[in-house]
Amino acid sequence: METTHEPHSSRADLTHISSTRAHQPTIALVGQPNCGKSTIFNHVVGYRSETANFPGSTVEISQGQVRINGTSVRLLDVPGIYSLTSSNPAEAAAKELLLSTDVDILINVLDASLLSRSLELTLELCELGIPMIVCLNMMDDAERKGTSISVEKLSARLGVPVLTAIASHGQGIQQLFHYLRSNTVSSPAVPQQWSRDIEDAVSKVQSAIEANDRMVLWHSRFAAIKLVEGDIDFLAVAHDALLRIAEKSRHDLESARGRNAEAIIMAERHDGAMRLFEEAAVVGRPHTDPRLIIDSVLTHPIWGYVFLMGIFLGLFWGVFGVGSILERLLTPVFASVSTRLAGWAGSSMLGQVLVRSLWDGFAGGAMIVLPYLIPFLFALAILEDAGYLPRVAYLVDGFLHRVGLHGTSVLPLILGYGCTIPACMATRILPSRRDRFIASVLATLVPCAARSNVIFALVAFYLGPGWALGVFVFNAAVVVLSGWIMTRIWPEVSPGMVLEVPRYQIPSPKVMTRKVWFRLHEFMVLSWPLLIGGSVVLGLAEHWHWDHWITWTLSPLTNLLGLPVAVGTTLVFGVLRKELSMIMLLQALGTTTVSKAMAPGQILVFTIFVTFYIPCLATIATLVKEIGRKMTAIAIAYSFGIATVLAIATRLAFSAFR
């Protein structure tokens with residue numbers, strides 16, 4: 001896929017695709033958003049792909065290895081798509097992969113409870129000429145809706161094997177891959193036969209393709225359909241004579257039907273999916289579902305917002321309550337060990353510095369970060385897996401449109417409370433370059449788990465939970481105001497939001513635990529070693545008096561903010577990882593009790609600055625990849641500028657009302 005660091009495009013690049021097939025067999029999990037692809041993928045290869053009960057949570061292609069009959073097979077989790085016409089970078093990446101010659105077998109995962117709609121993509125995948133298996137997932141929801149599906153009839157009509165699963169409970173997944181082990185899947189699906197005028201238009205272009213060797217990389221019928229539709233990616237690689245034939249066929253079809261060719265073919269595919277559904281399924285009386293009653297309350301025009309505030313307040317108080325208890329329990333334990341280590345370090349000053357620095361870095365992660373990070377990640381996982389976050393997007397859609405943003409922008413912003421990196425990557429689901437840029441910038445302003453830890457461990461712990469809640473509310477107001485300003489600077493009509501709202505689910509403790517570990521693992525293997533290494537560097541810098549140069553260089557900023565000069569070094573480390581700014585603060589101040597070295601106003605100013613200033617290096621690298629170097633530089637300058645202005649304003653306001 002993309003190997004450069006240019007911003008992602010909503011176009012699929014078909015010009016570089018080679019006819020040389022990969023030596024390793026490849027299976028791709030393909031389906032519409034929120035159909036359970038990533039759940040199946042994680043069940044088979046281990047938790048390597050982010051899953052959540054809302055559409056668009058998978059925005060990049062994940063891969064793992066499985067063994068089938070002694071052969072190592074590459075398994076791909078493809079971002080959810082509604083069709084093979086790309087409208088955003090995530091869909092473009094999926095389209096580019098599926099049109100490459102690297103995929104040997106498709107596993108088309110369908111939401112069985114939405115079978116008619118899901119079959120529209122299935123019919124389009126049948127046109128690719130790639131061997132395929134259909135997996136009817138969420139069969140329990142289909143039965144709850146009163147839908148009975150004949151697997152045999154559906155398999156006979158599509159010409160491919162059809163299996164059933166309930167992936168969220170782990171049911172049917174083993175049978176799916178056992179089928180791959182026991183059977184040879186080599187025959188492509190049977191393409192749908194359409195109305196005569198469409199078939200005539202497609203066959204003319206198909207004949208021209210088969211007479212030319214430039215587009216033989218794809219199934220000729222599929223390429224012909226895309227050219228008749230006017231797909232810009234295929235038009236870019238077609239030769240002039242073929243373009244003329246496709247243009248004439250498209251014009252004749254549109255003149256006869258009086259509609260756009262792409263709309264004509266989409267309607268034909270929709271009609272085919274409906275007929276398939278009617279032949280293979282019987283709809284009976286649905287079972288009573290209390291989730292509908294719950295949903296009517298949580299999405300109510302008035303009560304929905306009441307519960308929204310209540311749920312997020314409950315999340316805040318729960319995380320702070322659990323985190324503060326754990327921190328108070330761990331503090332005396334680590335203080336006792338620190339005292340013992342000081343005696344074991346010997347008389348060497350350098351040895352004492354190294355031992356103390358190593359322990360401070362380790363203890364800072366275990367005593368301050370983990371107590372708040374773990375409950376926060378569990379709380380976020382519950383909201384994701386329960387299916388509540390799409391309801392939040394629905395509730396705030398109208399407000400975001402008044403601000404000037406696409407309603408789907410709320411999904412990257414919500415993900416930003418976990419980690420800014422996947423939040424920036426999730427902007428790929430947005431339709432325009434302008435929306436992706438603004439959402440990326442706003443996502444960097446949202447306090448991620450690391451910055452939330454700073455808020456909990458400093459403001460909530462020393463000033464009180466009410467102050468910490470105020471910081472989160474203030475941050476949300478700044479994010480909204482920033483969005484309003486940027487949409488006025490870069491005006492554009494934002495289209496309406498079409499977002500699938502999934503059913504509520506009871507979160508699986510096993511899945512949530514694996515998800516939390518997946519996210520916590522990054523802190524364990526990347527952030528924590530950086531904390532320890534940064535602690536050692538700072539300790540040695542203090543020992544050899546190098547830290548004076550850093551503090552002197554940053555003294556204009558720290559003096560402007562009214563912070564102790566020693567705080568300057570922590571801001572440098574905070575650019576590496578945001579957790580470092582808090583842990584290094586303790587070491588720079590020479591105490592584990594921040595209130596002894598900083599006044600309440602200084603604690604608040606420091607927290608406000610850290611909450612908004614320059615994103616961490618990993619986020620910067622992601623921004624470069626998603627929106628380009630120039631836009632990333634603008635985002636960094638904006639975040640630093642707004643952090644400085646808000647921190648100064650906080651200092652002045654706190655001094656005035658103290």
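Number of residues in the range 250-285 that are in a helix (DSSP H, G or I) and among the β-branched types (Val, Ile, Thr): the value is 2. Of the residues Met274, Met266, the single one that is within 35 Å of the chain's Cα centre (by Cα), open to solvent by 30 Å² or more (accessible area, probe 1.4 Å), touching a residue at least 60 places away in the same chain (Cβ under 8 Å) and farther than 18 Å from Glu199 by Cβ is Met274. When we screen Leu411, Leu377, Leu405 for residues that are outside any helix (DSSP H, G or I), modelled with pLDDT under 85 and open to solvent by less than 10 Å² (accessible area, probe 1.4 Å), the only hit is Leu405.
Summed over the range 149-187, the residues that are polar (S, T, N, Q) and without any contact (Cβ under 8 Å) to a residue 40 or more places away in the chain give a count of 7. Can you confirm whether the range 234-249 contains a residue that is in contact (Cβ under 8 Å) with a residue 60 or more places away in the chain, over 30 Å from Pro502 (Cα atoms) and in a helix (DSSP H, G or I)? Within the range 234-249 (the criterion being in contact (Cβ under 8 Å) with a residue 60 or more places away in the chain, over 30 Å from Pro502 (Cα atoms) and in a helix (DSSP H, G or I)), the answer is yes, since at least one residue qualifies.
Taking the conditions (1) part of a helix (DSSP H, G or I); (2) open to solvent by less than 10 Å² (accessible area, probe 1.4 Å); (3) not charged (D, E, K, R) in turn, Pro447 satisfies each one other than (1).
The values are calculated or read from the model by the stated rules, or taken from the named source; none is laboratory data. None of these values were measured; they are calculated from a predicted model. No Cβ is skipped: glycine too gets one built from the backbone with ideal geometry, and neighbour counts run over all protein chains shown. Remember, those area values only see protein heavy atoms, side chains included, never the ligands or the DNA or RNA. Shrake-Rupley method; radii C 1.70, N 1.55, O 1.52, S 1.80 Å.
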